[in-house]
1. Taking the conditions exactly as written (without any contact (Cβ under 8 Å) to a residue 24 or more places away in the chain and either more than 19 Å from the chain's Cα centre (by Cα) or closer than 19 Å to residue B:68 by Cα (or both)), does residue B:559 satisfy them or not?
2. Take region B:495-529 and flag every residue that is at pLDDT 90 or above and of a type in the set (Asp, Glu).
3. For region A:53-77, which positions are more than 7 Å from chain B (Cβ to nearest Cβ) and touching a residue at least 40 places away in the same chain (Cβ under 8 Å)?
4. Return the residues of region A:29-52 that are hydrophobic (A, V, I, L, M, F, W, C) and at the interface with chain B (Cβ under 8 Å from one of its Cβ atoms); say none if nothing qualifies.
5. Suppose we keep only residues that are in a strand (DSSP E or B) and of a type in the set (Phe, Trp, Tyr) within region A:36-71. Which one would you say is least open to solvent (accessible area, probe 1.4 Å)?
6. For residue B:529, indicate whether it is within 20 Å of residue A:61 (Cα to Cα), surrounded by fewer than 22 Cβ atoms within 10 Å (Cβ to Cβ) and out of contact with any Gly (no Cβ under 8 Å at 6 or more places or on another chain).
7. What's the total number of residues in region B:341-360 that are open to solvent by 10 Å² or more (accessible area, probe 1.4 Å) and either among the small types (Gly, Ala, Ser) or in contact with a Gly (Cβ under 6 Å, 6 or more places away or on another chain) (or both)?
8. When you go through B:97, B:132, B:90 one by one, which is the residue that is modelled with pLDDT under 90 and closer than 23 Å to residue B:323 by Cβ?
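The values are calculated or read from the model by the stated rules, or taken from the named source; none is laboratory data. Every value quoted in this text rests on a predicted model; they were computed, and no experiment measured them. Counting neighbours? That spans all protein chains shown, and the Cβs are built from the backbone with ideal geometry, glycine included. Protein only, heavy atoms only, side chains kept; ligands, DNA and RNA dropped before computing areas. Shrake-Rupley method; radii C 1.70, N 1.55, O 1.52, S 1.80 Å.
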Amino acid sequence: MADTPATVIAPTLPLPEATHAASVFTPINFILLSVFAVIVYLRLKPSGPQTLPRAPPPTVFRTFTPPSLFPYNGLNNMPVYLAVRGRIFDVTSGRNFYGPGGPYANFAGRDASRGLACGSFDEDMLTKDLDGPLDTLEDLDSEQREALRGWEERFEEKYLIVGKLVPVGSPEADDTKA
Amino acid sequence: MAGLLEQLDSSISDILAGWNTYTTLIAFSIVGFLGWAIYDNADADTHPLLLARQAQASYVRQSGESAVYRSPETPHGYPLRTGLAVKPAGAPMYSAGKDGDLRDIWLRVTGEIPLEKGASSNGTAKIMTVFGKEGVTEHKIEDVTKEIAVVGKHLQERGAKRVAVYLPNSLEFLGALFAGAFYDFTPILIPYNQPHQTLVELLVQTGADALIAEAGSVPLADVSRGASALRSIIWTVEKTSRHMDWSEVPEGIGGKLDVAVWHELVQEQKNGVATLSSTADKPPGVVFLWQEAVGKAAEIVEFTQQNLTAAVGSLITSLPAVHRLSASDTFLPADAFTHSYSLCLTLAALFSHATVIINSVAGPGVDLTLATRSIAPTVTVISAETAAKLHSTTNTSITGGLQKLAHYLETRMLTAGRMPTDTFLTKLNAPTRATVGTIPGKLRLVFVSERLGLNTPPLSSEDLSDLRIYTKARVVYALTTAKVAGAVAQTNIYDYRRGDMPTNKHSHFGPPLSCLEIKLKDNAHHKTNDEQSAGELVVTGSSVAGGEVHLGVNATIRDDHTLAYV
């Protein structure tokens, strides 16, 4: 600071404010201006509209044959599918029931129609020969058919239909292979 | 340690010693700016994430096509909207309501069918017409009902089954449309101002056996010679030309033609009590023409009553409850009634008991400022041509730096998801506005439509954002096409986002309406895979003529699940 007349007269007194020498370029002004600039930038900085992460891609509807359905049994991180009367439901969200170790684990990756109709979860309800024709279910009585319909309605409410089941060697199965 | 503190202390006091008037000024500016930022801080009009995912995709897709997209109003697993859900007076509160047809819309206009619970009006919808500078005339609904009955009966007695309506936007146009539903004939809505030759061709192509047209707009000789199936004609005559005798047919032409005059028919029945006959069976549909410009070839599409009511119903509910058309609205169709989007919105306004102002100055490219010279609409539907014109004329008038700043500030607010309101700042320095209506600020909603395949001028999201500022109204942009009544998709009323489509001229078109669902079929150039959805647009639903239509245009569903051209 340059000496002022005041300092000459009373050197013990504190310095008066140097109003006549006021300058914009003082350290404090610099600091405050920087703060101002940062605030204005933060406020006015262009912000894009909010976006959501991409939705998971939809599952592609497929035609399965019993052998190609078989791997979808929840083992090796595969989803859990099961077939009811030719329609394939994705029951992965019910993995506790239909996945490995669940009470209905036998149905995973298989045609579960007969088992559901008869209310039995045993192995012998499944069609053994994967390459053979599909179970026609013609021998079921009306009570069993009623039970099967009930299961189907529940599945339609809860699970997605992700494909259809055709026997090995049918023209539709050959189409998907080609 | 103590030395360090002392050093710090002295350096701070050194810095503070530099405090002067400029410092005070800067400090006040900072406080002021922070104060403004807090005052200015408000929530967006809708939750931003609702705009980030606008349509609902099905979880399973067929190979070779995209997932099926639907409006969030009618998600997968629920039925699509099929109509108006009208309930006759005295229907139980929780009954479903029926799809209805045009007759129900008119009965609602007259007040015979009550409004929804919670809505109120003074009994009927209001219809006004405006002629040039002359001012606005209000029409009594009962008089209009009588006109519908008289004209309908007249045509029915002459065995008319397909009645061509060749009129500009007018009360008679709406009258003829409703008469068709009550008196069992199919109105054929022909866009106005065709060259005579084209009109005759269109009459032949559509198989019209009767014609309603303005007296003097069509040479009788040409029509009677060209369209031999035509058996009767009704002229509508302006008030100023009614002293002339229009019903006389000159010798030698149109010998078998039965010529009548609208106002004379109504006059004859002045004292008679004309009531609308309501036959219980299904009324016939309505024929629309999809034409790029007058004089060109037209695609002829017949919509059933179901198509129309589904479109009207879903256009009503596409707006959030607070912004729906209501009795306090004044609705101006500034696009021709022959465009189904404009007509369906007009029917929606009538159905909601709004005041509908009919101006014959309506069609692609009319000047909105001129069309609203003596009225103050709150809601209007305009063509993309009109919107583009409004945008370019207003845009070129912005020259001053202050106006640009004001425009920039409002654009910022829109980008932040809020519709700009009048604040202290806009009073000091308002951005340039377009002159729309006699009372500035009355307009609240503008519907604009892209007409697929008709070379309508594209509107980008920036253009739409500018239009929101110029008109101080929310803008909805719709994709319309020949075979879909109303629209295929229209943007969310709160969607003010801009600038996210660098490659496209057209803005996106929002999610589909609630009466239909859309999917994209693979073709040679565009395929759907796990990364993107693209292909030919396929629309299915109850507002689609024939139930399903392949539109032949390549479209994509973007990450925010809105429909856009590729």
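1. Numbers: without any contact (Cβ under 8 Å) to a residue 24 or more places away in the chain: yes; either more than 19 Å from the chain's Cα centre (by Cα) or closer than 19 Å to residue B:68 by Cα (or both): yes.
Answer is yes for this residue.
2. Selection gives B:495, B:517, B:522.
3. First, the residues of region A:53-77 that are more than 7 Å from chain B (Cβ to nearest Cβ): A:53, A:56, A:62-77.
Correct list: A:62, A:63, A:64, A:65, A:66, A:67, A:69, A:70.
4. Of all residues in region A:29-52, those hydrophobic (A, V, I, L, M, F, W, C) come to A:30-33, A:35-40, A:42, A:44, A:52.
Scanning region A:29-52 gives A:31, A:32, A:33, A:35, A:36, A:39, A:40, A:44, A:52.
5. As a first pass, look at region A:36-71 and keep what is in a strand (DSSP E or B): A:59-64.
Still in the list and also of a type in the set (Phe, Trp, Tyr): A:61, A:64.
On the way: A:61: 51, A:64: 3 Å².
Applying the filter and picking the extreme gives A:64.
6. Details: within 20 Å of residue A:61 (Cα to Cα): yes; surrounded by fewer than 22 Cβ atoms within 10 Å (Cβ to Cβ): yes; out of contact with any Gly (no Cβ under 8 Å at 6 or more places or on another chain): yes.
Yes: the conditions hold for residue B:529.
7. Of the residues in region B:341-360, 2 are open to solvent by 10 Å² or more (accessible area, probe 1.4 Å) and either among the small types (Gly, Ala, Ser) or in contact with a Gly (Cβ under 6 Å, 6 or more places away or on another chain) (or both).
8. Values: B:132 fails: closer than 23 Å to residue B:323 by Cβ; B:90 fails: closer than 23 Å to residue B:323 by Cβ.
Just one listed residue meets the conditions, B:97.
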